[in-house]
Amino acid sequence: MQTVKTVQKLREKIHHEKSQGKRIAFVPTMGNLHDGHIALVHKAKSLSDFVVTSIFVNPMQFGQNEDLDSYPRTLDADSDKLIAAGNNLLFTPTPEVIYPQGLERQTQVIVPFVTELHCGASRPGHFTGVSTVVNMLFNMVQPHVAVFGEKDYQQLAVIRKMVKDLQMPVEICGLPTQRADDGLALSSRNGYLSDHERKIAPTLYQTLQQSLQQLKNQTHTPETVAQEAISTLEAAGFLVDYFNIVDSETLQPATVSTKKTTILAAAFLGKTRLIDNISL
Ligand code: AMP
């Protein structure tokens, strides 16, 4: 596996592979790789001849009081994991490479509608940071296919909408959330949890599963399902940001005519913000 830090080197390598007729898959990440990321790389391999992974902790998607500075950066361990997974090329740009004029002067990509609720409401500007950097990375890598995790369900919806609305020539593949044995969705932010918090953390997914069952059984209205879930999470020690039952496609609140339902949740355990989701 080769590692490149500049856009020029990245383009040279990919141009060489494409000139040999190879199909390119791309996996954008912020590093501190876990088995969820590695599952994306395996999927990318199955869909292509050459896999490019990027590691970039994108400052544009972090709010002022968020964890940009403390976000775990573990490049050596990440490289080893990517080599073991058979990744072909690793792109590790610095913020200066991605935003040479600084964040204030950077052209942005704003995706409306799907960004208004849920994490978009709690983290203003977050999804503009995501869509902007993913757009740029797509322009740099020019992959045939890009692989994302359903763990970040709203993010995947934002990317799909951006690609569709802007007629971007890339296929988007979503992969189910990879979980620890106790059900906790794997996340780079799980490392922030204390031992005590880590024991409580699986309650988030358990509550989502319970809520899904209640919706399936039609024993509760969506409102009472959400209220009960929030009470369960608060009793376990979470501070709930949102617990929303939505249309899986539009991410708007589910109604009686909704065909497919997803529950999106975000909750703090101490200082750590966890997100998860489940679909009917
Ligand atoms: P991140 O490094 O957290 O920005 O995530 C990079 C990519 O990995 C995104 O497409 C995420 O949705 C995906 N991802 C993160 N955690 C998981 C997980 N537990 N299972 C599957 N994909 C994941």
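What follows is calculated from the coordinates using simple rules that are stated; it is not laboratory data. Note that the coordinates shown come from a computational prediction; the quantities given were computed from them, not determined experimentally. Because the Cβ atoms are built from the backbone with ideal geometry, glycine has one as well, and the counts that use them run over all protein chains shown.
Rounded to the nearest 20 debye, the dipole magnitude of the chain is 820 debye, with +1 charges on Lys and Arg beta carbons, -1 on Asp and Glu beta carbons, and the Cα centre as origin.
The residue among 97, 57, 87 whose Cα reaches farthest toward the positive pole of the charge dipole of segment 1-117, with charges on the beta-carbon of Lys, Arg, Asp and Glu, is 87. Value of Rg to Rh for segment 39-148, rounded to two decimals, is 0.98; Kirkwood radius and Rg both from alpha-carbon coordinates. Going by neighbour counts of Cβ atoms within 10 Å, the residues 269, 68 line up, fewest first, as 68, 269. Rounded to the nearest 20 debye, the dipole magnitude of segment 63-183 is 400 debye, with +1 charges on Lys and Arg beta carbons, -1 on Asp and Glu beta carbons, and the Cα centre as origin. Here is how the number arises for the chain: DSSP H runs of 4 or more residues each give -39500 (n - 2.57), the sum is divided by the residue count, and the result at 222 nm is -12000 deg cm²/dmol. The packing ranking of peptides 93-102, 203-212, highest mean first, is 203-212, 93-102, where packing means the average number of other beta carbon atoms within 10 angstrom of each residue. Between 145, 107, 185, the Cα set farthest toward the positive side of the dipole of the chain (charges on each charged residue's Cβ, about the Cα centre) is that of 145. The convex hull drawn around the Cα atoms of segment 1-97, when projected onto a plane and averaged over every direction, covers 6.4 nm². Histogrammed with a bin width of 10 Å, the alpha carbon distances of segment 129-203 distribute as 17, 41, 24, 17, 2 percent, first bin at zero. Close amide H partners of residue 261, meaning residues 5 or more places away or on another chain with modelled amide H under 5 Å apart, are 248, 280.
Summing Lys and Arg as +1 and Asp and Glu as -1 over all other residues whose Cβ lies under 12 Å from the Cβ of residue 17 gives a net charge of +3. The local environment of residue 269, defined by Cβ-Cβ distances under 13 Å, has a net charge of 0 under the rule Lys, Arg +1 and Asp, Glu -1.
Going by neighbour counts of Cβ atoms within 10 Å, the residues 80, 69, 247 line up, fewest first, as 69, 80, 247.
Note on 133, 27, 51: ascending count of other Cβ atoms within 10 Å places them as 133, 51, 27, the fewest first. Karplus-based coupling profile of segment 115-121, in residue order and whole Hz: 9, 6, 9, 6, 5, x, 6, with θ = phi - 60° in 6.51 cos²θ - 1.76 cosθ + 1.60 and x standing for Gly or Pro.
Averaging 1/r over every pair of different alpha carbons in the chain and inverting the result gives a Kirkwood radius of 19.7 Å. Taking amide H as placed 1.01 Å from N in the peptide plane, the amide H of residue 175 sits under 5 Å from that of 148, 149, 150, each at least 5 places away or on another chain. Residues whose amide H lies under 5 Å from that of residue 242, counting only those 5 or more places away or on a different chain, are 266; hydrogens are built 1.01 Å from N in the peptide plane.
How large is the Rg to Rh ratio of segment 70-204 when both quantities use alpha carbon positions and Rh follows Kirkwood? Spell out each step's value before the answer.
Values: Rg = 16.7 Å, Rh = 17.2 Å.
Using Cα coordinates only, the ratio equals 0.97.
When both segment 180-252 and segment 81-141 are represented by their alpha-carbon centers, they are found 27 Å apart.
For segment 192-280, a crude dipole built from +1 on the beta carbon of Lys and Arg and -1 on the beta carbon of Asp and Glu, taken about the Cα centre, is about 180 debye to the nearest 20.
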